[in-house]
Structures are given as structure tokens and as C-alpha cells.
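The values are calculated or read from the model by the stated rules, or taken from the named source; none is laboratory data. Just so you know, these numbers come straight off a predicted model, no measurement behind them. When we count neighbours, we look across all protein chains shown, and the Cβ atoms used for this are built from the backbone with ideal geometry, even at glycine.
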């Protein structure tokens, strides 16, 4: 018999909360994602340094950092890094962290239930009586009434804050109300920590559009836009190649899926250089 393997979303290596992806012992035919087949992610030190600089801007200008994030994986990694920066800089009283996503709240609780599966760095924090996914400054929004009141408050004051909310591509969810209220103000920052698909509101904002349509309203996009690639739930080119070449017996064919044309092409060329048959 022959074995067909579907990779799913592989995820990057060297994350503090999850183990690295492991290639299968055998795959006659491999279907693998190629979302970042032509890119390399920033390492953890670089992404944390950039996040720190964005926090500096928010504290100086009294602005809000908006982070549209997927509820599973992305949000928890962001909270982990934010807790580290708050601890290092002693920002416990000056920068509230707002988690405004019912699903992300549930997923984060699940992450906390399975602490024994965390990586070494995360477990070390627990041993030092720190709680990277449940720290004091992290506020969860319980209902829509609280959500709307918070949106209005942030729009009418100069209180710095970090808001992590779904959906990750700004196509729905509570992030939309924050965008309508806060995107026009240049003192605010918008941080994209994950892939924005073509045709989504997130991609339009990320691409630098000066005005975007939200709920049939033209909204000016004056906030500063930032991109950090290291939080992706998708493996980069190096990790994808490592996964394929780590299979003991070379697959008969590798099918590239879940990626744009350029990403598939570059990844495919790298695999073909290893003597692997690629199907696009």
C-alpha cells in the first residue's frame, strides 16, 4: 500500500509554546502547504525588537496598537511576547493589553490547561511565577456592550493600549469596530502579524490604501501600518524544505497547495533542485 500525507498548516519552528513540526516517517505522496514558500520569517529576537519599537510609539503618542489576530496560535504567541516586554520594561500600570475575542479567550484557556506541553522557555517563566498567557495587565472583554464602550473610550482619549482582536484578516469580528473608530487617527498603529489574503480588508489596509470601505462607509487609513512575519501559523521556506527533506525515503511526488503562484514556484524550484518531483 501507499501512504498519502497532507501537511495541513505546518507552523514555524522554534516557537516557545508549541513543539516543532516533525516530518512523517514515510510519505509516498505529500501534499504540503506553500503559503510562505518564497519567504523567510523574522526570528523571535527581531520580531520582539520591532514590537518593542511599536510600543514605544504608542506610549509617546498616547495611541492604540491594533493587532488583528487569529484566535488559535497567533494570539497566544503575541500575548507571550507582550508579557515579556511588559516584564522587562516594568509597564504594568501604563499599558493595558486588551484581548477582545470570545474564541481567543477560550483557546487561551485551553493553552493554559496544557502547560505540560509548553516549550522550555515558557515553562521557565512559570517556574519564575510568571503567567505569560494570564498576566495582570491582560484584560478580556466579556460582552458586546463592554466591547462598544471600550471602542468609544479609546477613540475619545489619549490612553495607550494594545488591542488584540479577531478576525485576523479584518473580514469580520470585533476588530472591525476598532478599525472604524481608530484607523483614521495617525497616532494609532496597526500591526499585521499574519498573512493577509488577496481580496480581504486586511490586505487592502496592509497595501497602503488611503481610504478603505468598511460596512459601506469610507474610512481613512491614517494609522501607521507595520508588518511582523515571525508570528505566522505557516512555516517559512526553510522550514518547508526541512520538513520535506526530513522524510527518510523521498516521496514519489510533492504536491504544492495553499499558496500563491510565486510562492509555489520558488519553493518548487528549491525542491526540484533536490531531485524531488513537484506537482503544482
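A few points about this structure:
- For region 105-119, the set of residues classified as over 18 Å from residue 69 (Cβ atoms) and touching a residue at least 12 places away in the same chain (Cβ under 8 Å) consists of 117, 118, 119, listed by residue number.
- Residues (farther than 23 Å from residue 203 by Cα and in a strand (DSSP E or B)) located in region 150-173: 161
- Against the list (1) in contact (Cβ under 8 Å) with a residue 60 or more places away in the chain; (2) part of a strand (DSSP E or B), the condition residue 219 fails is (1).
- Checked against (1) surrounded by fewer than 19 Cβ atoms within 10 Å (Cβ to Cβ); (2) in contact with a strand residue (DSSP E or B) (Cβ under 7 Å, 6 or more places away or on another chain); (3) assigned by TED's automatic domain parsing to the domain that holds residue 257, residue 57 passes all but condition (3).
- Subset of region 21-66 (residues that are out of contact with any helix residue (DSSP H, G or I) (no Cβ under 6 Å at 6 or more places or on another chain) and assigned to a strand (DSSP E or B)): 29, 30, 31, 32, 33
- Residue, nearest to residue 2 (Cα to Cα), within region 36-49, restricted to residues that are buried (at least 17 other Cβ atoms within 10 Å of the Cβ) and under 14 Å from the mean Cα position of the chain (by Cα): 36
- Per-region count, region 230-280, residues in contact with a strand residue (DSSP E or B) (Cβ under 8 Å, 6 or more places away or on another chain), part of a helix (DSSP H, G or I) and within 30 Å of residue 45 (Cα to Cα): 7
- Failed criterion for residue 18 (all others in (1) outside any loop (DSSP other than H, G, I, E, B); (2) surrounded by fewer than 20 Cβ atoms within 10 Å (Cβ to Cβ) hold): (1)
- The set of residues in region 112-149 being in a loop (DSSP other than H, G, I, E, B) and either over 16 Å from residue 102 (Cα atoms) or touching a strand residue (DSSP E or B) at 6+ places or on another chain (Cβ under 7 Å) (or both) consists of 114, 118, 119, 128, 129, 130, 131, 132, 135, 136, 137, 141.
- Residue 206 passes every criterion in (1) buried (at least 16 other Cβ atoms within 10 Å of the Cβ); (2) over 19 Å from the mean Cα position of the chain (by Cα); (3) without any contact (Cβ under 8 Å) to a residue 24 or more places away in the chain apart from (2).
- Test: residue 166 is under 18 Å from residue 51 (Cβ atoms) and in contact (Cβ under 8 Å) with a residue 40 or more places away in the chain: no
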